[in-house]
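Below: one structure, written as structure tokens.
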Amino acid sequence: MSDPKYFSGKTVIVTGGASGIGLGLCEVLEGRGAIVYAADTNAQRLDEIADGPGNIRPLALDVSKEDNFLKAIEHVVREHGKLDILVNNAGIALAGDFSETPVSDIEKIVAVNFWSVIHGTRMAYAQMIEQGYGHIVNVSSSGGAMPVPKQAMYSAIKHGVLGFSHSLREEAVHHGVKVSTVLPGMVQSDLWENAVNIKSYDMKRSMESTGLKPITQREAGEAIADGIAANHRSIIFPRINGIILALYRFFPNLMTRLVVTPLAAPEKT
Ligand SMILES: NC(=O)c1ccc[n+]([C@@H]2O[C@H](COP(=O)([O-])OP(=O)(O)OC[C@H]3O[C@@H](n4cnc5c(N)ncnc54)[C@H](O)[C@@H]3O)[C@@H](O)[C@H]2O)c1
């Protein structure tokens, strides 16, 4: 584990903090002494967090709306005079045959999974440049470093998040600002359950058919917290995911045949 005092007194916003990986990260960071805001659209979950035993602060935020994001960041900076870390984690899933996908669903996932990262980064970055320090953490996916058939838009956006974050990291260092990218493998969360499935596609069943065992949201939170404290360029977990991504990088054709192509098979009903 990293320096146990690293997060002490740091002000952090985690988008999508009401569930799954975001909630796991909020709990870990709060446990390590950070002032943590869970920012989310899910009002019911935010209320439960507010009433819960911990000290995680709920923040109503729709990340796809630029003005919403600005208000949320302004609120936190007003309260604490600084923003140390922004984790752009909120996201949704869209799965099924691309040829059948309505443009409205495509626009929605671009807004929630991509524009959110740009809005959040722009605003936090301006504040952090002024401060002379800060850390922006953008959540991509293993699907941001290898293809995922039947999730082409999700994968495209996660590739975009990865390219954006890795590029910005090199610029931002000159302003004293750090940028890290998270590439989770499979983690227990509501993502697959709440996925927008096109026609009769079943994302949950498709993910389960890989045979990979999801880790807990707490384990994901620990891995992300350690990666932030170590200022890793890419934060990759669980271990099997790191192995798959490394193999894909060096043997793309073989890995496509073994891992990617099976996901494109028509669903058995
Ligand atoms: N679970 C996995 O296996 C996995 C793997 C790779 C990447 N990821 C990524 O991790 C991130 C977190 O996903 P998760 O698995 O914890 O899913 P989740 O569904 O449990 O959590 C996502 C959270 O984002 C919130 N959210 C959705 N739209 C929002 C909006 N417009 N504004 C604010 N909040 C919004 C939801 O209310 C929810 O609380 C996502 O970016 C996802 O793509 C997840």
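Subtracting the Cα-Cα distance of S2 and H166 from 0.36 nm times their residue separation leaves 56.8 nm of extension gain. Among the lysines of the chain, pairs that are 8 or more positions apart or on different chains and have alpha carbons within less than 14 Å of each other number 7. For segment 1-152, the extents of the C-alpha atoms along the principal axes are 49, 34, 31 Å, listed from largest to smallest. Here the accessible area of segment 172-230 is 50 percent carbon and sulfur, with a 1.4 angstrom probe and all protein chains present.
Probing with 1.4 Å while keeping every protein chain in the model, the per residue accessible area of segment 86-235 equals 43 Å². Across the options G242, L25, G227, the greatest Cα extent toward the positive end of the charge dipole of the chain (unit charges at beta carbon of Lys, Arg, Asp, Glu) belongs to G242. Rolling a 1.4 Å probe over the protein heavy atoms leaves T216 with an accessible area of roughly 50 Å². Carbon-plus-sulfur accessible fraction, segment 1-76 (probe radius 1.4 Å, protein heavy atoms only): 48%. What base-10 log of the normalised intensity I(q)/I(0) is obtained for the chain from the Debye formula, alpha carbons as equal point scatterers, at q = 0.08, 0.14 Å⁻¹? For the requested q values the scattering log ratios are -0.31, -0.95. A Förster radius of 30 Å combined with the Cβ-Cβ distance from E208 to I129 puts the calculated FRET efficiency at roughly 0.10. Residues of segment 154-172 with an amide N closer than 17 Å to a point placed 7 Å from the Cα of F98 along the Cα-to-Cβ direction: 154-161. Taken as Cα centroids, segment 179-247 and segment 50-107 sit 18 Å apart, rounded to the nearest whole angstrom. Histogrammed with a bin width of 10 Å, the alpha carbon distances of segment 203-258 distribute as 20, 40, 33, 7 percent, first bin at zero.
The values are calculated or read from the model by the stated rules, or taken from the named source; none is laboratory data. It should be emphasised that the depicted structure is a prediction, and the values quoted were computed from it without experimental measurement. Glycine gets a Cβ as well: all are built from the backbone with ideal geometry, and neighbour counts include every protein chain shown. The area values use the complete protein model at the heavy-atom level, side chains included, leaving out ligands, DNA and RNA. Shrake-Rupley method; radii C 1.70, N 1.55, O 1.52, S 1.80 Å.
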